[in-house]
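*Asks:* Shown below is the structure under consideration.
Throughout, read-outs are computed from the coordinates displayed, never taken from laboratory work. These numbers were taken from a predicted model, which means no experiment stands behind them. Every residue, glycine among them, receives a Cβ derived from its backbone with ideal geometry; neighbour counts consider all protein chains shown.
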Amino acid sequence: MDLSLHLSRAPGLPAAGIPRSDSFQRWVQAALQVARRRRASELAIRLVDAAEGRELNHHYRGRDYATNVLSFPADLPPGLRLPLLGDLIICAPVVAREAAEQGKPLRSHYAHMTVHGVLHLLGYDHMADAEAERMEALERKALAGLGIADPY
């Protein structure tokens, strides 16, 4: 599977605890595989601090707090077939806090948030119970394939 991943980190965001780019690459590929996406894919992941995460969540979702992952699917014109899936924003301090609160390895929680976000880019959602069950099953399958325990 041809994957182009653009990973960036907000200026001033400490590198401590943030996985390497090859890890994000593996996690994205795992999500694409369980979703049966075989076409070339391109996406960007930006790792942000709490201030930027809060600003983006407020601007795009009307919620005044930083959240773990935001997904912005590519809004391509009908009929245009490019490999662009969209962008993920992962808030490093929120992911670290959640991992600690839930007693999970930080790396595993990053993997989960990456897989979760990629599935959103592919059109999966968790608003209705049936959708949530399907999406969570795909997350479990992708993470199990990576040797990561059930996040739920």
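*Asks:* Subtracting the Cα-Cα distance from 0.36 nm times the residue separation, let me have the gained length for Y65 to S23 in nm, one decimal.
*Replies:* Full extension from Y65 to S23 adds 12.4 nm.
*Asks:* Of the candidates Q33, Q25, Q102, which one comes out as most mobile in a Gaussian network treatment of the chain with C-alpha springs shorter than 10 Å?
*Replies:* Q102
*Asks:* Which whole-number percent is the relative contact order of the chain (Cα, under 8 Å, 6+ apart)?
*Replies:* Relative contact order for the chain comes out at 26 percent.
*Asks:* Let me ask you something else. Spin-label point model (7 Å from Cα, Cβ direction): what's the R39 to K141 distance in nm?
*Replies:* Reported label-point gap for R39 and K141 is 2.0 nm.
*Asks:* Moving on to the next point. Please work out how much length the chain gains when fully extended from A149 to D2, using 0.36 nm per residue of separation minus the C-alpha to C-alpha distance, in nm with one decimal.
*Replies:* Value of the extension gain: 50.2 nm.
*Asks:* Given the DSSP H assignment, sum -39500 (n - 2.57) over each helix run of at least 4 residues in the chain and divide by its residue total; what's the result at 222 nm in deg cm²/dmol, nearest 500?
*Replies:* For the chain, the value works out to -15000 deg cm²/dmol.
*Asks:* Highest first, please rank the peptides 42-54, 113-125, 7-19 by the mean number of other Cβ atoms sitting within 10 Å of their residues.
*Replies:* Those peptides, ordered most packed to least, come out 113-125, 42-54, 7-19.
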